[in-house]
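Comments concern the structure below.
The values are calculated or read from the model by the stated rules, or taken from the named source; none is laboratory data. Values in this document were obtained by computation on a predicted structure and should not be read as measured data. Cβ placement follows ideal geometry from the backbone for every residue including glycine, while neighbour counts extend to all protein chains displayed. Just so you know, the surface numbers come from the protein's heavy atoms only, side chains and all, with ligands and any DNA or RNA stripped out. Shrake-Rupley method; radii C 1.70, N 1.55, O 1.52, S 1.80 Å.
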Amino acid sequence: MKNYRLRFLLFVAALVLALVAPAAGRPKAGAAAPQKARPPQSLRVYVFDCGTLHNSDPARYRFKKEELATMEMSVACFLVAHPKGTLVWDTGAVPDSSWTATGAPSEQHIVLPDSQQRDLTVRKSLQGQLAELGYSPANITYLVLSHYHWDHTANANAFAGATWMVRQVERDAMFAAQAPGTTQPATYAGLRNSKTVILKEDEHDVFGDGTVVIKSAPGHTPGHQVLYLKLAKTGGVVLSGDLYHYPEERKLDRVPTFDFNEQQTRASRMMIEAFLKQKGAQLWIQHDFAGNAKLKKSPEFYE
Ligand SMILES: [Zn+2]
């Protein structure tokens, strides 16, 4: 009799665990939420829509309005999924927490700490786009920001539990008593205590197989970097960070007025152009409105 009661209690305990445990890990979205994504067989990259930035001042980029096909800028975020882990590259311009994604475009007005103002349209939250693929910030192995400007860091805090890969000069500037201009320090404050890998070499091979390589490309900011992806079907792709913004910068050799070091920017551009040639790789200019519009967006991907 005693034995029977013990077995019954164990059965009840197992039942309760089976019912409660999966619910605890379920995302808020509820019934529609997909299963947790499995690691892919080979490298892939997802392009997320992190909004459109309505730039109104081409002079900051040393252009006259008529020299540009459009003043609009795309804001792109990327998920790199490798068999050995995941990497988020750049986190957008508008924190998910500051608006509610309904499916309709949402107009956002941002006032930076130095009183500069920006207008954007956002359509999808970053975490919503991750969730659509079965990922949550807790599934992200590495966070890498091309650089510290506000339109790349908005959702950085969400990934404070990932391992952050950054250069010492960039990190020092981000957490200096006086943060650099065009930053939103509150959006990345959580990274201060993140597990951090300080990148010292010009190239860092993230997964050790040459398919995901962070490359130093300073100038726009002190520790600005770009990401090289060696994709099996697509071929080589370099995610530009802000090495360029408008594609016309590349043709007309213009450097923004607010770069940390213009000389360094020019040297980095020459180095990356040579690298692209050597690898036969494409350059995806993250803010290039027309170029970005042509890219497949998540849940489609490049492999
Ligand atoms: Zn920038």
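The phi torsions of the range 188-194, fed into the Karplus equation with coefficients 6.51, -1.76 and 1.60 and a -60° offset, translate into couplings of 10, 4, x, 6, 3, 9, 5 Hz, rounded to whole numbers, with Gly and Pro shown as x. Backbone phi angles across the range 61-69, fed through the Karplus curve with coefficients 6.51, -1.76 and 1.60 (θ = phi - 60°), yield HN-Hα couplings of 10, 6, 10, 8, 3, 6, 7, 10, 5 Hz in residue order; Gly and Pro are listed as x. Label point of Thr196 set 7 angstrom out along Cα-Cβ; within the range 151-175, amide nitrogens under 19 Å from it belong to 152-175.
Which of rounded, prolate, oblate describes the range 256-303, given a ≥ b ≥ c as roots of the alpha-carbon gyration tensor eigenvalues and a/c under 1.5 marking rounded, otherwise prolate only if a/b is larger than b/c? Verdict is oblate for the range 256-303.
Summarising the label geometry, the points placed 7 Å from Cα in the beta-carbon direction at Met271 and His54 lie 3.8 nm from one another. With θ taken as phi - 60° and the Karplus curve 6.51 cos²θ - 1.76 cosθ + 1.60 applied, the whole-hertz 3J(HN,Hα) list for the range 125-137 is 7, 5, 5, x, 5, 5, 4, 4, 8, x, 10, 10, x Hz, x standing for glycine and proline. Can you bin the range 139-215 into rounded, prolate or oblate? Criterion: square roots of the alpha carbon gyration tensor eigenvalues sorted a ≥ b ≥ c, rounded for a/c under 1.5, prolate for a/b above b/c, oblate for the rest. Prolate. Inter-label distance, Asp119 to Lys233: 4.0 nm, where each label sits 7 Å from its Cα along the C-beta direction.
Using the Kirkwood radius over Cα pairs, work out the Stokes-Einstein diffusion coefficient for the range 207-268 at 4 °C and 1.567 mPa s, in µm²/s as a whole number.
D = 103 µm²/s.
Take the chain with all the other protein chains still there, run a 1.4 Å probe, and you get 50 Å² of accessible area per residue. Between helix 262-279 and the chain there is an angle of about 70 degrees, using the helix long axis and the longest principal axis of the Cα atoms. Taking each residue as 0.36 nm, the span from Ser97 to Lys36 lengthens on full extension beyond its C-alpha to C-alpha distance by 19.7 nm. Per-residue extension of 0.36 nm, minus the Cα-Cα distance of Lys251 and Ala177, leaves a gain of 22.9 nm for this segment. For the range 129-230, the list of GluC sites (Glu not before Pro) that fall in a loop by DSSP and count at most 16 other C-beta atoms within 10 angstrom reads Glu201.
One decimal place: the segment Gln263-Lys84 gains 60.7 nm when fully extended, by the rule 0.36 nm per residue minus the C-alpha distance. List the aspartates and glutamates whose alpha-carbon lies under 17 Å from that of Lys251, not counting same-chain residues fewer than 8 positions away? In chain and number order, the partners are Glu66, Glu67, Asp242, Glu262, Glu273, Asp288. Carbon-plus-sulfur accessible fraction, the chain (probe radius 1.4 Å, protein heavy atoms only): 55%.
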